[in-house]
Amino acid sequence: MVNSLAPGHPDPGSTDRTRLRRIPDKAVTERVTAYEILDAGLVAHLAVLQEGQPFVLPVGYARRGDEVLIHGSSGSRLFRTLAEGVPTCLTVTLLDGMVLARSAFESSMHYRSVMALGSARRLTGDEELDALTVLTEHLLPGRSRDARPPSKKELAATLTLALPLDEISVKVSAGFPDDDPADLIDPIYSKIWAGVVPMFTQFGTPIPDQFTPEDSPVPDYISTWRCE
């Protein structure tokens, strides 16, 4: 769902806070890549500072245009703090593989990551209902056609936020190990296996709960679910 590449947004890594200084060749400056990473992920980590104590929350999320949508309990003091517009940082990381070099120091990972800085705003009314549908369709594609929509009580218990993707940083690590040249000619270490072990996320066989009728088929849309 790479959409709404609206003009006027700064390129990833173009601000002083998002410029990649450590190994800058891993930086990506195309916004479309950031959106591809966000659309492929399911879980983000969201930072919030409350009374001097930093917290990091794992949250399900979805991208809608040039913003990231998240939701949580209206009773959560951390979500209420975010709804007040305090500065936050959201990150998404996709792990693609393990990189085995000839030394432990040079061994690493293949990954794609996005970091977004800004302040979230609270959504209400029709905008919140649309956001909750977008969240459902990102996390459980196709489920909105079957699942009951939220009740007034459930909406009252839910706090839905949107974080603008105005200031972002994108980092991608790929390729083979960057070995120390001495290890490549060492009589021992030059002979060991080195390379990349790819990693994939996949869904397993659906398991019905105890209340699902025996003749109820698994929805066709579940067979299309993929995590890249």
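The values are calculated or read from the model by the stated rules, or taken from the named source; none is laboratory data. Just so it is clear, the structure is predicted and the values come from calculations on it, not from any experiment. As a convention, Cβ positions derive from the backbone with ideal geometry for all residues, glycine included, and neighbour counts pool all protein chains shown.
Of note:
- Residue match in the range 69-79 (condition: under 27 Å from Ile37 (Cβ atoms) and assigned to a helix (DSSP H, G or I)): yes
- Selection of the range 23-55 for residues being exposed (fewer than 13 other Cβ atoms within 10 Å of the Cβ) and under 14 Å from the mean Cα position of the chain (by Cα) yields only Val43.
- A residue that is β-branched (Val, Ile, Thr), under 22 Å from Glu67 (Cβ atoms) and either assigned to a helix (DSSP H, G or I) or at pLDDT below 95 (or both) can be found somewhere in the range 136-148.
- Only residues that are assigned to a loop (DSSP other than H, G, I, E, B) and either out of contact with any Lys or Arg (no Cβ under 8 Å at 6 or more places or on another chain) or among the charged types (D, E, K, R) (or both) were counted across the range 169-204, and they come to 13.
- Candidates Pro187, Pro213, Pro219, Pro149 - the one that is in contact with a helix residue (DSSP H, G or I) (Cβ under 9 Å, 6 or more places away or on another chain), without any contact (Cβ under 8 Å) to a residue 24 or more places away in the chain and not basic (Lys, Arg): Pro149
- For Ile168, the conditions (1) closer than 27 Å to Gly41 by Cα; (2) surrounded by 10 or more Cβ atoms within 10 Å (Cβ to Cβ); (3) without any contact (Cβ under 8 Å) to a residue 24 or more places away in the chain all hold with the exception of (3).
Matching residues to (1) touching a residue at least 24 places away in the same chain (Cβ under 8 Å); (2) of a type in the set (Val, Ile, Thr); (3) farther than 24 Å from Arg122 by Cα; (4) in contact with a Leu (Cβ under 9 Å, 6 or more places away or on another chain):
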site: Ile23; (1), (2), (3), (4): no, yes, yes, no
site: Thr29; (1), (2), (3), (4): yes, yes, yes, no
site: Ala34; (1), (2), (3), (4): yes, no, no, yes
site: Asp39; (1), (2), (3), (4): yes, no, no, no
site: Gln50; (1), (2), (3), (4): yes, no, no, yes
site: Pro58; (1), (2), (3), (4): no, no, no, yes
site: Ser73; (1), (2), (3), (4): yes, no, no, yes
site: Phe79; (1), (2), (3), (4): yes, no, no, yes
site: Leu95; (1), (2), (3), (4): yes, no, yes, no
